[in-house]
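The values are calculated or read from the model by the stated rules, or taken from the named source; none is laboratory data. Since the model is a prediction, treat every value here as computed from it, not as a measurement. All Cβ positions, glycine included, derive from the backbone under ideal geometry; neighbour counts span all protein chains shown. All accessible areas refer to the heavy atoms of the entire protein, side chains included, with ligands and DNA or RNA removed. Shrake-Rupley method; radii C 1.70, N 1.55, O 1.52, S 1.80 Å.
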Amino acid sequence: MRVLSLFILAVMASVAQALAPPSPAADRRAFLAQAAKATAFTAVVSVATPAIAKEEYTLDTGDVVVPEQNDATKKNSGSSLVAGALAGSVLLSLPFFLPNLLRLAGINNAKNPTKK
C-alpha cells in the first residue's frame, strides 16, 4: 500500500509539473521539453514500481475456509423485489395508457363519455 501511494504521489507531481502553465516568456519548445521530462519521469516510475513492490506482494491467504451457505430463502428474496417493482411501474403508468386500452376494448371515447 505504501508503494502504491508513493507511486500515485510521484505521478501526480510529474503531471502537475507538465501541465502547469508556462511563464509568459516560454514558448512551445519549452512546454514540450517540460512535458517530455514529465512523461519520461512517469515512465521510469511506472517501470520501477513493480520491482519495488514485488517484496510486499504475496498470495498466501493462510488457512481461511469459507463456509458453504445452503439458504434457499436468499434466492427468492430478489424475485419478490423485481415483481414488486414491475407491478408498481405498471400501476403508476396505467393512467397514461388506460384510454388506449379502453378504446381497444371497444368503448368509444374513453376520455369523454358524453361524446360519441
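Descriptive notes on the structure:
Okay, residues lined up against (1) part of a helix (DSSP H, G or I); (2) modelled with pLDDT of 75 or more:
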{"residue": "36", "(1), (2)": "yes, yes"}
{"residue": "41", "(1), (2)": "yes, yes"}
{"residue": "52", "(1), (2)": "yes, no"}
{"residue": "55", "(1), (2)": "no, no"}
{"residue": "60", "(1), (2)": "no, no"}
{"residue": "65", "(1), (2)": "no, yes"}
{"residue": "76", "(1), (2)": "yes, no"}
{"residue": "84", "(1), (2)": "yes, yes"}
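- Matching entry among 15, 45 (being at pLDDT below 70 and surrounded by 10 or more Cβ atoms within 10 Å (Cβ to Cβ)): 15
- Of the residues making up the range 18-34, those that are modelled with pLDDT of 70 or more, open to solvent by less than 100 Å² (accessible area, probe 1.4 Å) and either in a helix (DSSP H, G or I) or in contact with a Leu (Cβ under 6 Å, 6 or more places away or on another chain) (or both) number 4.
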